[in-house]
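Trainee: Here's a structure for you.
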Amino acid sequence: MLKDKEKADLKLRLKKVAGQINGIDKMLDEGRYCIDVVQQILAARAALNRVSLIILESHAKSCVVTAIKENRAEESIEELMDVFKQLTK
């Protein structure tokens with residue numbers, strides 16, 4: 001479970017990503033250089049990946065730890081690994 005400070009930090013990060021996406025949209029409208037647009041898309045993707053990793057770290061430190069204590073380690077770790085596999089596609 002995310003703590004209030006973590007949640008506030010993530011919301012701020014997501015607002016910045018939203019701003020990046022809006023900027024990309026504007027770049028397209030302006031007919032900006034394709035490589036510049038792609039670089040901004042890559043930056044937005046990297047920012048979203050960072051948000052995902054922060055959430056996964058929190059999940060591992062809370063939910064996975066709880067699952068291990070409750071003898072549900074295999075199920076919890078399998079779920080976590082599935083998400084990591086999706087992240088690295």
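Trainee: Could you say whether any residue in the range 27-34 is loosely packed, with under 15 Cβ neighbours inside 10 Å, out of contact with any helix residue (DSSP H, G or I) (no Cβ under 8 Å at 6 or more places or on another chain) and of a type in the set (Phe, Trp, Tyr)?
Mentor: Taking the range 27-34 as the starting set, the residues that turn out to be loosely packed, with under 15 Cβ neighbours inside 10 Å are 28-34.
Next, from what is left, pick out any that are out of contact with any helix residue (DSSP H, G or I) (no Cβ under 8 Å at 6 or more places or on another chain): 29-34.
When the remaining residues are screened for being of a type in the set (Phe, Trp, Tyr), the result is 33.
For the range 27-34, residues loosely packed, with under 15 Cβ neighbours inside 10 Å, out of contact with any helix residue (DSSP H, G or I) (no Cβ under 8 Å at 6 or more places or on another chain) and of a type in the set (Phe, Trp, Tyr): present.
Trainee: When you scan the range 31-52, how many residues do you find that are within 20 Å of Ile77 (Cα to Cα) and without any contact (Cβ under 8 Å) to a residue 12 or more places away in the chain?
Mentor: 0
Trainee: May I ask you to say which residue of Glu57, Glu75 is under 16 Å from Glu6 (Cα atoms) and either surrounded by fewer than 14 Cβ atoms within 10 Å (Cβ to Cβ) or polar (S, T, N, Q) (or both)?
Mentor: On the way: Glu75 fails: under 16 Å from Glu6 (Cα atoms).
None of the others qualify; the one that does is Glu57.
Trainee: Go through the range 4-25 and give me each residue that's under 13 Å from the mean Cα position of the chain (by Cα) and of a type in the set (Lys, Arg).
Mentor: Result: Lys7, Lys11, Arg13, Lys15, Lys16.
Trainee: The conditions are (1) without any contact (Cβ under 8 Å) to a residue 12 or more places away in the chain; (2) loosely packed, with under 14 Cβ neighbours inside 10 Å; (3) of a type outside the set (Asp, Glu), and Ala67 fails exactly one of them. Which is it?
Mentor: (2)
FYI, it's all coordinate maths here, none of it is from the lab. In this text, all values refer to a predicted model and were calculated from it rather than measured experimentally. Positions of Cβ are backbone-derived with ideal geometry, glycine not excepted, and every protein chain shown enters the neighbour counts.
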